[in-house]
Amino acid sequence: MKIGILQTGKSHDSLFYKFGDYPDLFKKFLSSEHFVFETYPVLDMVFPKSPDECNGWLITGSRHGVYEDHKWLDPLREFIRLIHNEKLPLVGICFGHQIIAQALGGVVEKFQGGWSVGSTLYKYGDRDVKLNAWHQDQVIVPPSNAETVMSNDFCKFAGLAYDDNIITFQPHPEFNSDYIEGLIENRGKGIVPDDLLYTAKSKLDGSNDNDFFATKIKSFFAK
């Protein structure tokens, strides 16, 4: 199965050497003998010719906001709608979660409640799960055809599913603790409040449910 990665952001320079770029994180996260990956850096205006170029699609995170003025955002929103119309599987993570919601009629804003950073507890169905978060923007109003599948008090619409062919998550199941530590040390200071960074750093040794979500996403694509 060929998975197209629609790259909307890049690793911080300080993390690139150790961890690679965002597509590298997802290739490792979703590693499977059944998958091959192709990256389309849409933030550089490199787009697929059609949704049929791949069997499934994934949209990465980004430091950009979906409400900003970038020439690649309109064609990305249109491509999302084409994928949805053709009923191909699509996964969105963080920025990907947000722009899919926006493209299909939802509302995304810079959340007045501030940032969510580091290991965070969510309710996923009847299960409590922990994933690493790194965001201020949120889906405030989901599209009418979206079902909320993951939530907590801070982020009401942390996971959304659409018509059996799209699933999206606000946190980062592809980020391990080492990556979050790198963000805390090299990107968070001066942007994220110090108390949130301190709390996130204190949780770096805790467990997370990345493997659980890797299995879920791989099964989603495979079906």
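Taken together, the values in this text are just the output of simple stated rules run on the coordinates, not laboratory data. Just so it is clear, the model here is predicted, and its values are computed rather than measured. Heads up, the Cβs are rebuilt from the backbone with ideal geometry, glycines too, and the neighbour counts pull from every protein chain shown.
Could you line up His34, His70 from fewest to most neighbouring Cβ atoms inside 10 Å? Please list the in-between numbers first.
Numbers: His34 9, His70 15.
So the residues, fewest neighbours to most, are His34, His70.
I need the shape label for segment 1-95. Rule: rounded when a/c is under 1.5, else prolate if a/b > b/c, else oblate, with a, b, c from the alpha carbon gyration tensor.
Taking the square roots of the gyration eigenvalues as a ≥ b ≥ c, segment 1-95 is oblate.
Using alpha-carbon positions, what is the distance between the centroids of segment 52-85 and segment 93-164, in Å?
Result: 17 Å between the Cα centres.
Among Tyr122, Tyr162, which comes first, then next, by fewest other beta-carbon atoms within 10 Å?
Ranking Tyr122, Tyr162 by Cβ neighbours within 10 Å, fewest first, gives Tyr162, Tyr122.
Provide Val141, Val66 in ascending order of the number of other Cβ atoms located within 10 Å of each residue's Cβ, fewest first.
Val141, Val66
Checking the table Lys18/Lys203; Lys28/Lys130; Lys28/Lys71 against a 24 Å threshold on Cα-Cα, which pairs fail?
Violating the 24 Å Cα-Cα cut-off are Lys28/Lys71.
Considering only the chain, what is the antiparallel percent among its DSSP beta bridges, to the nearest 5?
60
Would you calculate, for the chain, the mean residue ellipticity at 222 nm contributed by helices, counting each DSSP H stretch of 4 or more residues as -39,500 (n - 2.57) and dividing by all residues, to the nearest 500?
Roughly -8500 deg cm²/dmol at 222 nm, from the helical runs in the chain.
State the antiparallel share, in %, of DSSP beta bridges confined to segment 1-89, rounding to the nearest 5. All intermediate terms of the calculation are to be shown ahead of the outcome.
On the way: 0 of 9 bridges.
Given both bridge residues lie in segment 1-89, the antiparallel proportion sits at roughly 0 percent.
Which of the three applies to segment 92-200, rounded, prolate or oblate, going by the alpha-carbon gyration tensor with a ≥ b ≥ c and a/c under 1.5 meaning rounded?
Judged from the Cα gyration tensor, segment 92-200 comes out prolate (a/c at least 1.5, a/b above b/c).
Sequence-distant or interchain residues sharing an amide H contact under 5 Å with Lys10, placed H: which?
Answer set, sorted by chain and number: Arg63.
For His172, what residues show an amide H to amide H distance below 5 Å, using hydrogens built from the backbone and excluding near sequence neighbours?
Correct list: Asn132, Ala133, Trp134.
For segment 206-223, just list the computed ³J(HN,Hα) in residue order, Karplus coefficients 6.51, -1.76 and 1.60, θ = phi - 60°, integers in Hz, with x standing in for Gly and Pro.
x, 7, 9, 10, 4, 5, 4, 6, 4, 5, 4, 5, 5, 5, 4, 5, 5, 6
Roughly speaking, what is the stretch gain from Phe35 to His12, that is 0.36 nm per residue apart minus the C-alpha to C-alpha distance, in nm to one decimal?
Roughly 5.6 nm would be gained on extension.
Could you go through segment 12-21 in sequence order and give the Karplus-derived ³J(HN,Hα) for each residue, using 6.51 cos²θ - 1.76 cosθ + 1.60 with θ = phi - 60°, rounded to whole Hz, and x for Gly and Pro?
Rounded to whole hertz, the list is 4, 3, 5, 9, 4, 5, 7, 10, x, 8.
Let me make sure I get this right: for the chain, a, b and c are the square roots of the gyration tensor eigenvalues over alpha carbons, sorted descending. Under 1.5 in a/c it's rounded, otherwise prolate if a/b > b/c, else oblate. Which is it?
It comes out rounded by the Cα gyration axes.
From the backbone phi of segment 121-135, what are the Karplus-calculated ³J(HN,Hα) couplings (6.51 cos²θ - 1.76 cosθ + 1.60, θ = phi - 60°) in whole Hz, Gly and Pro given as x?
8, 10, 9, 10, x, 9, 10, 8, 10, 10, 9, 7, 10, 7, 6
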